[in-house]
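Rule-based calculations on the coordinates, nothing more; no lab input. Being a predicted model, the structure only gives us computed values, none of them experimental. Don't worry about glycine lacking a Cβ; one is built from the backbone with ideal geometry, like all the others, and counts go over all protein chains shown.
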Amino acid sequence: MVEINKEVMEIVNKPGRIGTLGTANKQGRPNVAYFGSPRLSEDGTIVMGLGSNRTLKNLEDNPFAVFFCVAESPVTFTTPGYRLYLKAREIQKVGPIVDGVRKAIAEHAGPDAARMIVAGVVFDVTEVRPLIAGE
């Protein structure tokens, strides 16, 4: 896993931040979706809730993903943000992870949003890169 610094933690976990998760199916076809539920822990894991959707299907076929998150919009070359490269460690459809995600989503987005969650996913962060990075 990767060491997570304080700035990355603050931006990823900031209420109202903008975040998208990019995934690909086993044929390599990409998908990107907006997510408000991811929570980054100091241990280098991200937990998020997923509905019955393309993102969940892709992760069941291919565990690799990228979470793109920025602190605010509009996005410019100076906007604080990061690209977190992830690998799904566990997809739980029954148990404490998905229950905890549903509870957190119910508190922040309401019970209707929580009822849409069918899985809790635990990702390991494998790499952290800034939004703008020279190669």
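Here the 3J(HN,Hα) profile of segment 28-44, calculated from phi with Karplus coefficients 6.51, -1.76 and 1.60 at θ = phi - 60°, is x, 6, x, 8, 9, 8, 6, 9, x, 8, x, 10, 9, 9, 4, 7, x Hz, Gly and Pro shown as x. Relative to the Cα centre, the charge distribution of the chain, modelled as +1 at Lys and Arg Cβ and -1 at Asp and Glu Cβ, gives a dipole magnitude of about 460 debye. Among GLY49, GLY120, GLY100, the largest mean-square fluctuation in a Gaussian network model of the chain, built with springs joining Cα atoms closer than 10 Å, belongs to GLY100.
What the phi angles of segment 111-127 give under the Karplus curve with 6.51, -1.76 and 1.60, with θ = phi - 60°, is a coupling list of x, 5, 5, 5, 5, 6, 6, 10, 8, x, 10, 10, 10, 9, 7, 9, 7 Hz, glycine and proline written as x.
Database remark: amide H of ALA119 closer than 5 angstrom to the amide H of LEU50 (H placed geometrically; neighbours at sequence offset of 5 or more, or on other chains; Pro and chain starts carry no H). Cross-link partners for LYS57 among the lysines, with Cα-Cα distance under 19 Å and sequence neighbours closer than 8 places in the same chain left out: LYS26, LYS87, LYS93. Convex hull volume per residue, computed on the Cα atoms of the chain, equals 113 Å³. Within segment 14-56, whose backbone N sits under 16 Å from a point 7 Å along Cα→Cβ of GLU72? The answer is 14-19. In terms of the mean number of neighbouring beta-carbon atoms within 10 Å, the peptides 67-73, 109-115 order highest first as 67-73, 109-115. Figure legend: label point modelled 7 angstrom from the Cα of LYS57 along Cα→Cβ; no residues of segment 92-111 have amide N under 16 Å from it. Highest GNM mean-square fluctuation among VAL125, VAL66, VAL75, for the chain modelled with Cα contacts below 10 Å: VAL75. Between the residues GLN27, GLY49, THR126, the greatest Cα displacement towards the positive end of the dipole of the chain, with unit charges on the Cβ of Lys, Arg, Asp and Glu, is found for GLN27.
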